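The values are calculated or read from the model by the stated rules, or taken from the named source; none is laboratory data. The structure displayed is predicted, hence computed values, not measured ones. Glycine also receives a Cβ, built like all others from the backbone with ideal geometry; neighbour counts cover every protein chain displayed. Surface accessibility is based on the protein's heavy atoms, side chains included, excluding ligands, DNA and RNA. Shrake-Rupley method; radii C 1.70, N 1.55, O 1.52, S 1.80 Å.
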Amino acid sequence: MQAFDLLRVGLALACTLFAAAAFAQSGNPKAGQALYANGAPPAVPACASCHGALAQGAGTFPPLAGSGAAYVRAQLDAFADGTRANAVMAPNAKGLTAQQRADVAAYLATRPSGIARAPQPPVAPKPSDAGAWLALRGRMAEGIPACAACHGPAGEGVGEHFPPIAHLNAAYMQAQIDAWKQGQRGPGPLGLMQGIAKKLSSDDVAAVAKYYGAQAK
């Protein structure tokens, strides 16, 4: 097995092991559904008012359906404690108790993402297809692993900590890459994304978004 393949297998295994970790505090999906639909008046509006009734996303607001409970809870906690900066989400997350944040996260994990898993290994990408190459092979010479190693070949997400990305538009992806570059988001699972983001150009991000968007249709 070539060194590239060994590294890719090792990364995938590390991602899987990390995704197996669980938060001690469990959430109640039913309570989370009520919070998602109605919010926690008067301080916190309904999540559905921005992210859609089915958590499918709307406009600049990303889809949340199918994200692992641990991932969503980690993001809400980060918004609440200020380690992830966002003018809209910070006050909403702060307005929820830790249990309420866990409940919303548990509910979103029950929602189908609508992203079909790849029925078979994807066709080997051509070097000329920048999006497919980055998604499926990365640029290991530059320390950029394949997106698929953690987010799945169809961008469907993997386990509790690695969310679906196939339905994210290029503008949202770019905003998150910029946030990692500027230290406005934590490094993410395994400490990967902050370092990776600094090595990605805007053309890289647009190409990956285009590739995964095509897989999600």
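Filtering the range 163-181 for residues that are more than 11 Å from the chain's Cα centre (by Cα) and over 21 Å from Gly57 (Cβ atoms) leaves a non-empty set.
If you go through the range 112-127 and keep only what is of a type outside the set (Val, Ile, Thr), open to solvent by less than 70 Å² (accessible area, probe 1.4 Å) and either in contact with a Pro (Cβ under 9 Å, 6 or more places away or on another chain) or within 19 Å of Ala40 (Cβ to Cβ) (or both), you end up with Ser113, Gly114, Ala118, Pro122. The set of residues in the range 46-60 being on the phi < 0 side of the Ramachandran plot and surrounded by 15 or more Cβ atoms within 10 Å (Cβ to Cβ) consists of Ala46, Cys47, Ala48, Cys50, His51, Gln56. Within the range 128-137, if we keep just the residues that are touching a residue at least 12 places away in the same chain (Cβ under 8 Å) and not in a helix (DSSP H, G or I), the residue that is surrounded by the fewest Cβ atoms within 10 Å (Cβ to Cβ) turns out to be Asp129.
Of the helices (runs of 4 or more DSSP H) that lie entirely inside the range 141-205, those containing 1 or more residues that are surrounded by fewer than 18 Cβ atoms within 10 Å (Cβ to Cβ) and among the aliphatic types (A, V, I, L, M) span 170-181. Taking the listed residues Asp81, Asp103, the one that is over 18 Å from the mean Cα position of the chain (by Cα) and open to solvent by less than 20 Å² (accessible area, probe 1.4 Å) is Asp103, with no other qualifying.
For the range 87-100, taking the residues that are touching a helix residue (DSSP H, G or I) at 6+ places or on another chain (Cβ under 7 Å) and free of Cβ contacts under 8 Å to residues at least 40 places away in the same chain, the one that is most open to solvent (accessible area, probe 1.4 Å) is identified as Lys94.
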